[in-house]
Amino acid sequence: MKSDELRSLYLKFFEGKEHKIIPSSSLIPYGDPTLLLTSAGMVQFKPYFTGKMVPPSPRMVSCQKCFRTTDIDSVGDPTHLTFFEMLGNFSIGDYFKKEAIAWAWEFEIQQLKLPKEKLWVTIFYDDNVAHDLWRGQNVPEERIVRLGEKDNFWGPAGVSGPCGPCSEIHYDLGKEYGCGKPDCKPGCDCKRFTEIWNLVFPEFNQAEDGTRTKLPKPGIDTGMGLERTAAILQGKSTVYDSDIFSPLLIKVAELSGKNYGTNAVSDNAMRVVVEHSRSLVFLLADGVMPGKEGRGYVLRRILRRAEYFGEMLAHEKPFIITVAEEVVKKMGPVYPELVTNRNHIINVIRSEVESFRKTLPVGRGILENIIASTSEQGGASKIISGRDAFILHDTYGFPVDLTKEIATSHGFTMDMTGFEKEMEKQRERARAARLGVEGSAINTELQLDTKPTKFVGYEQLVADSQIVAIFVDGESVGVVHEGQEAGIVLETTPFYGEMGGQVGDTGEIEGKGGHFAVTDTIRIKSGDIILHRGKVMKGSLVVDDKIRAEVNTDRRMDIARNHTTTHLLQYALRKVLGGQVQQRGSLVTPERFRFDFSQLVALSPEQLQQVQRIVNGLVRQNLPVYAEVLPYQKAVVEGAIALFDEKYGDTVRALKVGKPPVSVELCGGTHIHATGQIGFLQILTESSIGSGLRRIEAVTGRGAEEFIERLSAERREIARAVEASGDDVLEKLTVKIAESERDRKRVQEIERDYAHLIAEQLLTQVEHVKDIHLITAHVKPLHAETLLLITDYLREKLKSVIIVLGTVYENKPSFMAVVTQDLVGKGYNASNIIKQVAKVVGGGGGGKPTMAQAGGKDKNKVDEALKLVRSLI
């Protein structure tokens, strides 16, 4: 049975048991900060089991894309995988152990037609109910094995979530794969028994601190590994021999010129390449981008591992891209997102491979030198120090697991503890740098003990409130006087504190005894407290004073226009470039905004124009902009875009544009009420800010108006300069540029002729020093390009010569020295000569042994400097 048939058969079987087929969720687990990547079929169903959300059906079935980072280092052996597909059926408070066990046995025996005598089951040691149900399916007593919590109690997907005892179905591969012990059975460390299906009976919800409480209703969470089961059905001893991987291995064999199954070392490398290539394709299709931490680092780590082993197979052939294309071709019919994002996937892999290929030889060379030098020391311990591993990782982008793998292959170990200490030092340096920037806020935070500030700025820009704390130079005070700078905390405030890339509000705080100008507003105490920073302009303010706080309305509106536009911009970018585009940062100010996003290559002018037109089209529609507070999981199900790696609470604020919404993003910022208030978007720049990251800077509203006015003024000045009317500016400017270019070429021709003339004159002034042709001359004022033309001409004529020319150009002395290659071989060096010459005129210079340049200060000493050359020779 082919793997595609198995997947289809499983889904249809449970659909026949009244299960709703649920599509696989993304490998990026939205709404679960405890998980790096989706590691089990249960992940997308956690909120249903915990009662936070109502499921679309009490019975569900899926084929879930999964990725587990724990097995990365083991990939290459015949069994381990990072990416795999998990077939699973789920019950949310509907059926329980009886049906789960009966249907599992029915599917194994009647649908897959596996021989009963090959199947064993394990149960939790005290689960007598499961035991009796398996006996009811005529499973012999001797093939039911009781195991403890380590093997048969399934923990949550992540550090928290549903959990409970489980029962597993194992397939007996035969005695030849076993340890030979007469009592060998599931639970033994040998490779005779392969787990193919795990039936979990979730009864508890585990909190992050490890405590467990009963679920509202028990349920069923099962997982059957598609790859393992397919291998068994196809009579293969490993997943790599199944129809899932064999076409990919054939392709690698074709590309590398090596046959799979003939050499243990190359077989291992080939398995790494095909497994990791498959994983890369699925991670990239779901929006993971290469990075230095988190998911991005996992992706980069497996990509570089695959490239390293691919390079071992065929040094000059980076073929991961070809294997990735094969994965898209094979898996695309089942997972259409692979086809949709094909170009993006291939482009990212190509870019990363090219980058790593530049550092791989250097990093590998350094590591091999460390290994070689340590080995030559004889008795020295064979350890790669943590410091060396860190330098390879941090400076050369060499993954630490790769360092460890290479070290192990040479009989070395690696000091992982030392490596982690170096990583922690780096994190400390980063924290120290942040403290330098945020020092004043942190000092305040350490001394502040008050309730969270109530923010009312979504609804109003003026609010009556009370002062609860005042800080001057980081110290808590009771009163602040005219002329003093301070930070004020209010009980209630309409001022938005800087957060999420949006700058804080400015405005005024007015009390009976004084007036305070707010110049900045920030958040402290993890964002719970809003601190108003500014200066007392009149009188005094005292803790407990009743005050009126008023936000600068025009500035707030400018910020709101820009913030709402970032949402529209993300919508437009995803529409033009594809759904893989993700926001990676932003800065929203009243004057302009910048928006950072994941994208490998620059946008073309046409794409930028298309993005801008889409946004301005939405502006003209004057769509309503409104916020809704709702449960996080519901927001995600409704399609809300959340920032990756951002932690959200159970309840979130979703900012929606349009009815029905064209954009839904989780956002705590301040916004306008209708898109028409934006006025107009003008994109200013689009640039790279790092590998796989782009930045757009833009203006809206008054900022866009000022930009257009400035552009119009500049156009009028250009028109005046080229003597054009309003409509023919470009035409006249083009003519002027063409004329200038013709003049430039004429000047170059004159200079070239002049250079040849001077060179011919200098040929009559050749000196001979120690059988060396030497030309030194103080020539008329000439720029460096003309001096170079002269020296090139002389070098071509004389073949072997030392030339030093001096001139005074734009009232400053300059020199050029040339030494032909044959004389460089005899120890003469243009750079050394020019440095000595330049000292005479109070200057300096340098260059290559064959050509160097210098400048100076004293134009009256050019001749004196040139006289030095003969003695230097």
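The values are calculated or read from the model by the stated rules, or taken from the named source; none is laboratory data. Everything quoted here is computed from the prediction, not taken from an experiment. Cβ sites come from the backbone with ideal geometry, for glycine too, and all protein chains shown count toward neighbours. For accessibility, only protein heavy atoms count, side chains too; no ligands or nucleic acids. Shrake-Rupley method; radii C 1.70, N 1.55, O 1.52, S 1.80 Å.
Here TYR240 passes the criteria (1) assigned to a helix (DSSP H, G or I); (2) among the hydroxyl-bearing types (Ser, Thr, Tyr); (3) surrounded by fewer than 20 Cβ atoms within 10 Å (Cβ to Cβ) except the one numbered (3). Taking segment 763-864 as the region of interest, the helices (runs of 4 or more DSSP H) fully inside it that hold 2 or more residues being surrounded by 17 or more Cβ atoms within 10 Å (Cβ to Cβ) and under 53 Å from the mean Cα position of the chain (by Cα) are 784-798, 830-840.
In segment 672-713, which residues are part of a strand (DSSP E or B) and either small (Gly, Ala, Ser) or open to solvent by 40 Å² or more (accessible area, probe 1.4 Å) (or both)? ALA674, LEU684, THR685, SER687, SER688, ILE689, GLY690, LEU693, ARG695, GLU697, ALA698 - these are the residues of segment 672-713 that are part of a strand (DSSP E or B) and either small (Gly, Ala, Ser) or open to solvent by 40 Å² or more (accessible area, probe 1.4 Å) (or both). For segment 324-334, the count of residues that are in contact with a Gly (Cβ under 9 Å, 6 or more places away or on another chain) and either within 30 Å of GLY257 (Cα to Cα) or among the aliphatic types (A, V, I, L, M) (or both) is zero.
Each row is one residue, and each column tells you yes or no for (1) under 30 Å from LEU249 (Cα atoms); (2) within 25 Å of the chain's Cα centre (by Cα); (3) not β-branched (Val, Ile, Thr).
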{"residue": "LYS329", "(1), (2), (3)": "yes, no, yes"}
{"residue": "THR340", "(1), (2), (3)": "yes, yes, no"}
{"residue": "SER351", "(1), (2), (3)": "yes, yes, yes"}
{"residue": "ARG357", "(1), (2), (3)": "yes, yes, yes"}
{"residue": "SER409", "(1), (2), (3)": "yes, no, yes"}
{"residue": "ASP415", "(1), (2), (3)": "no, no, yes"}
{"residue": "GLY418", "(1), (2), (3)": "no, no, yes"}
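Give me a count of the residues in segment 361-376 that are aliphatic (A, V, I, L, M), open to solvent by 50 Å² or more (accessible area, probe 1.4 Å) and over 30 Å from the mean Cα position of the chain (by Cα). Result for segment 361-376: 0.
When restricted to residues that are small (Gly, Ala, Ser) and more than 20 Å from GLU5 (Cβ to Cβ), segment 229-265 contains 6. Can you say whether THR34 is in contact with a Gly (Cβ under 6 Å, 6 or more places away or on another chain), in a loop (DSSP other than H, G, I, E, B), in contact (Cβ under 8 Å) with a residue 24 or more places away in the chain and open to solvent by 20 Å² or more (accessible area, probe 1.4 Å), as far as the supplied structure shows? Yes. Listed conditions (1) touching a helix residue (DSSP H, G or I) at 6+ places or on another chain (Cβ under 9 Å); (2) at pLDDT 95 or above; (3) over 30 Å from ARG301 (Cα atoms); (4) in a helix (DSSP H, G or I) are all met by ARG7, apart from (3). The criterion of at least 1 residues that are open to solvent by less than 20 Å² (accessible area, probe 1.4 Å) and of a type in the set (Val, Ile, Thr) is met, among helices (runs of 4 or more DSSP H) falling completely within segment 273-345, by 294-313, 320-331.
Within this structure, ASP77 fails the test of being surrounded by fewer than 21 Cβ atoms within 10 Å (Cβ to Cβ) and out of contact with any helix residue (DSSP H, G or I) (no Cβ under 8 Å at 6 or more places or on another chain).
Remark: pairs (first residue in segment 244-262, free of Cβ contacts under 8 Å to residues at least 12 places away in the same chain; second residue open to solvent by less than 70 Å² (accessible area, probe 1.4 Å); Cβ separation under 7 Å; 6+ apart in sequence or on different chains) = ASN259/ALA253; TYR260/LEU249; TYR260/ALA253; TYR260/ASP267; TYR260/MET270; GLY261/ASP267. Among residues of segment 394-413 that are on the phi > 0 side of the Ramachandran plot, those with a Cβ under 7 angstrom from a residue that is of a type in the set (Val, Ile, Thr) and surrounded by fewer than 20 Cβ atoms within 10 Å (Cβ to Cβ), sequence gap 6+ or separate chain, pair up as GLY397/THR359.
Pairing each residue of segment 323-335 that is without any contact (Cβ under 8 Å) to a residue 40 or more places away in the chain with any residue that is part of a helix (DSSP H, G or I), provided the two are 6+ apart or on different chains, yields C-beta distances under 6 Å for GLY332/LEU338; GLY332/VAL339. Any chance segment 6-16 includes a residue that's touching a residue at least 12 places away in the same chain (Cβ under 8 Å), among the hydrophobic types (A, V, I, L, M, F, W, C) and surrounded by fewer than 16 Cβ atoms within 10 Å (Cβ to Cβ)? Within segment 6-16, one or more residues are touching a residue at least 12 places away in the same chain (Cβ under 8 Å), among the hydrophobic types (A, V, I, L, M, F, W, C) and surrounded by fewer than 16 Cβ atoms within 10 Å (Cβ to Cβ).
Quick check on GLY669: is it touching a Gly at 6+ places or on another chain (Cβ under 9 Å), open to solvent by less than 50 Å² (accessible area, probe 1.4 Å) and closer than 30 Å to VAL353 by Cα? No. Within segment 612-642, no residue satisfies the criterion of being buried (at least 21 other Cβ atoms within 10 Å of the Cβ) and at positive phi. Quick one: count up the residues across segment 663-697 that are out of contact with any Phe, Trp or Tyr (no Cβ under 6 Å at 6 or more places or on another chain), β-branched (Val, Ile, Thr) and more than 25 Å from VAL601 (Cβ to Cβ). So the answer is 4.
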